[in-house]
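Have a look at the structure below before the remarks.
Just so it is clear, none of the values below were taken in a lab; they were calculated from the coordinates. Quick caveat, the model's predicted, so the values are computed rather than measured. Glycine gets a Cβ as well: all are built from the backbone with ideal geometry, and neighbour counts include every protein chain shown.
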Amino acid sequence: MEPPTKPDESDCCNSGCNPCILDVYEEQLKKYKHACLNPPKTYSNCISQTSYSIFKVVNIERQSEVAFLYTFEYLRPLKGERSEDNLKLCYEPGQHFLMKAKVYSEEFTRAYTPIPRENDIKKFTTLIKLYEHGKMSNYLRRIRIGKETLWRGPYGEYEINYNQKYLFFISTRDWYRPNL
């Protein structure tokens, strides 16, 4: 953050503007000094694209007969060490995570798109449609709050261009997957 440029006294028009340019400068100077005394924390991502992290199920909320909101909270990496005090779940809109499950000796993964929630730096929620004979659907029907699950990611290269006037989406496969 750059220090604010001090305006000349002549920049004030003396007509009682609110806010006055001199007041704006003082406010910006306060913000600059505060930022210098309190540098922003740097975070590492608590989820990795190359190794699994353990997330605990903290909430399951029915949305319809076949759709549920599942909320997961980061616990620890499956392997290796990551500092616990500077971790945050980092991802961009449109990216997805892979969940790994094991039933008997069979392992399988499925991709799910997280739904961002404010102030949950180590949690994410995903809306999942359960299919009648799906492997992961059968697994998810049986999990309960407190169950530890394996996740890795984020994946996907979707970029938002806020300057575009029109967006055209074509969606396939699962109609619950969010389209931004």
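At 222 nm, what helix-only mean residue ellipticity would the chain give, in deg cm²/dmol to the nearest 500, using -39500 (n - 2.57) for each DSSP H run of four or more? Please list the in-between numbers first.
Numbers: 2 runs with 25 residues, N = 180.
For the chain, the value works out to -4500 deg cm²/dmol.
So how far apart, in nm, are the two label points at Lys33 and Asn18 if each is 7 Å from Cα heading toward Cβ?
2.5 nm
Between [x] 11.9; [y] 16.5; [z] 10.8, which matches mean projected area of the Cα convex hull in nm² calculated for the structure shown?
It is the value labelled [y].
For a quick check, take a GNM of the chain with Cα springs below 10 Å and name the residue from Asn163, Asn18, Asn86 with the largest mean-square fluctuation.
Comparing Asn163, Asn18, Asn86 in a Gaussian network model of the chain, the most mobile one is Asn18.
May I ask for the angle, rounded to the nearest 10°, between helix 21-37 and the longest principal axis of the chain, with both axes built from Cα atoms and the value confined to 0 to 90°?
50 degrees
Quick check on the exposure proxy: order Asp120, Asp8 from fewest to most C-beta atoms within 10 angstrom.
The fewest-first ordering by Cβ neighbours comes to Asp8, Asp120.
Which FRET efficiency, nearest 0.05, do Leu130 and Asn86 yield, Cβ-Cβ r, R0 30 Å?
E between Leu130 and Asn86, to the nearest 0.05, is 0.25.
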